[in-house]
Amino acid sequence: MQHLLTDEQRAKHTEFKNFVSLNVEPFANEWDREERIPDPVISMLAKSGCLGCSLPKKYGGQGWDVVTFGLLNEALGRGSSSLTGVLTVQTMVSMALLKWGTEAQKERWLPPLAKGEMIGAFALTEPGAGSAIQSLATEFTHSSRSDSLILNGNKKWISCAQLAGVFLVFGKLEQSSVACLVPRGTPGLEIEPIHDLMGFRSGGLAQLTFNDVEVPSANIVGKPGFALSHVAPVGLQYGRISTACSGLGLLRGCFEESVAYAAVRKIAEKTVGEIGMIRSLIARMGSDLEAGSFLCHNACRSEQDHVPEAFEKTLTAKYFTSRAAVRAASDAVQIRGASGCHESSPVSRYYRDSKIMEIIEGTTQIHEELLGKIYVGQAGKSRKQSDPVNCL
Amino acid sequence: MTSLNTGKENGVKETVKRFILSSINIAHLGDDDNLFESGIVNSLFTVQLMTFIEKTFAIEVGMDDLDIENFKSLNAATAFVVRKNGRGG
């Protein structure tokens with residue numbers, strides 16, 4: 001896949017991988033145990049410009065192309081899914097705001113997001129509304145006192161909510177979907193950390209409770225009625241690209257750890273890598289890695305080119321790499337045996353983190369429903385076009 | 001001038017129509033058929049149509065353009081594109 005990258009993209013990818021091998025991989029297990037990423041690490045990522053990498057320079061971002069964004073996620077995903085999650089949600093909030101925010105909103109919020117001085121969180125999921133986002137129960141009402149809204153409800157499983165300075169909250173306003181920026185510290189907003197997760201343990205997940213939270217109407221992003229059809233999809237598109245590429249990075253981690261182990265670990269007179277059954281596992285991992293690389297590149301290029309197929313290409317990449325990551329992590333643990341079951345080995349963390357990849361930004365089943373519908377629909381159109389009789 | 005505008009509109013309409021017919025599973029689309037009321041498109045298509053229009057006609061759909069009236073039919077989308085192009089995107 002390297003041949004599809006520009007010299008600049010290749011150089012950036014090398015830079016990202018070096019950063020991760022030096023600053024992330026050696027510490028990721030410790031962060032996982034402590035369920036927290038140290039502030040200096042986030043600051044380091046911010047100072048490097050990574051947290052605003054997709055935003056235009058006009059707002060203090062780096063203006064990197066989507067392929068470079070994908071490569072950054074891949075590199076970070078090799079080291080820590082939780083740390084990649086910070087970039088994921090930061091970009092989801094930033095890009096939704098860039099597309100649908102007013103100029104005043106962009107001028108106020110995008111510069112601190114671009115510089116990583118503020119972390120954003122995408123508050124969509126609720127205790128009773130995960131995949132079924134139409135069922136949101138979070139409610140905005142017009143305030144009788146001023147030009148503001150009153151917010152009540154709950155959000156759950158919100159990545160980075162523990163460290164976020166602003167939340168893009170989705171809910172209903174008089175039966176219309178609405179998205180609104182809610183700053184941390186707004187009276188009535190409670191943030192309760194979620195502990196003891198299986199994976200993404202240092203991802204800063206939290207539950208949010210809104211008790212009569214008052215926010216200015218000027219904080220509405222987009223227009224009421226378009227939050228789920230237009231605002232959320234922009235964020236989710238970047239969320240899926242990020243997750244697809246992060247899953248690819250995790251897959252590479254499984255592959256690299258496995259081949260390194262298989263080359264030196266001996267059973268009797270043979271290395272593990274000389275055993276046919278282990279070679280089968282590694283062959284599947286390696287070919288999944290190659291296939292996933294192309295799918296992720298294709299998704300990133302489609303988004304970069306701003307073509308309507310970008311949504312489908314991104315669904316395909318996320319569907320493939322998240323499932324392949326789960327398989328690879330399971331096989332990586334199997335190859336390492338007992339040592340792979342201990343927290344001292346990154347593959348045990350990969351094993352737990354990979355499963356989360358199949359759930360966030362749309363479950364595997366949601367992807368199957370959407371992709372199945374798209375593929376069958378395309379087949380139906382082809383048939384009609386080639387068989388005029390059936391068009392009648 | 002009128003004929004120039006009409007020619008431009010027809011070109012836009014044909015382009016948008018080709019995209020819609022190649023994207024959704026219908027054989028015929030009337031100029032004023034309501035895409036949303038008829039249930040022939042879903043929210044995914046709404047975003048895809050917007051992306052197509054932005055890419056093809058080099059315009060940006062912004063917050064002020066978020067109005068279902070702009071995209072509800074072939075004629076509505078055509079008028080929207082011509083209007084946006086007329087004022088430079």
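The values are calculated or read from the model by the stated rules, or taken from the named source; none is laboratory data. Fair warning: this is a prediction, and the values are worked out from it, not measured in the lab. Counting neighbours? That spans all protein chains shown, and the Cβs are built from the backbone with ideal geometry, glycine included.
Of all the numbered requirements in (1) out of contact with any helix residue (DSSP H, G or I) (no Cβ under 6 Å at 6 or more places or on another chain); (2) charged (D, E, K, R); (3) free of Cβ contacts under 8 Å to residues at least 24 places away in the same chain, residue A:284 misses one, and that requirement is (3). Return yes when residue B:8 is basic (Lys, Arg), more than 14 Å from chain A (Cβ to nearest Cβ) and closer than 25 Å to residue A:376 by Cα and no when it is not. No; evaluated as a whole, the condition is false for this residue.
Listed by first and then second residue, the pairs linking a residue in segment B:51-68 that is at the interface with chain A (Cβ under 7 Å from one of its Cβ atoms) to a residue that is among the acidic types (Asp, Glu), with Cβ atoms under 8 Å apart and 6 or more places separating them unless they lie on different chains, are B:54/B:60; B:55/A:305. Residue A:304 meets the conditions (1) modelled with pLDDT of 95 or more; (2) more than 14 Å from chain B (Cβ to nearest Cβ); (3) surrounded by fewer than 19 Cβ atoms within 10 Å (Cβ to Cβ) in every case but one. The failed one is (2). Only strands (runs of 3 or more DSSP E) whose full extent lies in segment A:159-264 are considered here, and the ones with at least 1 residues that are of a type outside the set (Phe, Trp, Tyr) and under 30 Å from residue A:33 (Cβ atoms) are A:166-173, A:189-193, A:206-216.
For segment A:344-360, a residue qualifies if it is of a type in the set (Ser, Thr, Tyr) and either crowded, with 24+ Cβ neighbours inside 10 Å or farther than 13 Å from residue A:330 by Cβ (or both), and the qualifying residues are A:344, A:345, A:350, A:351, A:354. Could you tell me whether residue A:115 is surrounded by fewer than 18 Cβ atoms within 10 Å (Cβ to Cβ), assigned by TED's automatic domain parsing to the domain that holds residue A:50 and in contact (Cβ under 8 Å) with a residue 12 or more places away in the chain? Judged against the criteria, residue A:115 is a match. Just to be sure, is residue A:22 out of contact with any Lys or Arg (no Cβ under 8 Å at 6 or more places or on another chain) and either in a helix (DSSP H, G or I) or more than 17 Å from residue A:242 (Cβ to Cβ) (or both)? Judged against the criteria, residue A:22 is a match.
Scanning segment B:59-83 for residues that are in contact with a Phe, Trp or Tyr (Cβ under 8 Å, 6 or more places away or on another chain) and closer than 15 Å to residue B:16 by Cα yields B:70, B:71, B:72, B:77, B:80, B:81. Scanning segment A:118-148 for residues that are assigned to a strand (DSSP E or B) and surrounded by 23 or more Cβ atoms within 10 Å (Cβ to Cβ) yields A:120, A:121, A:122, A:123, A:126, A:140. The conditions of being within 13 Å of chain A (Cβ to nearest Cβ), within 16 Å of residue B:67 (Cα to Cα) and surrounded by 15 or more Cβ atoms within 10 Å (Cβ to Cβ) are not met by residue B:19.
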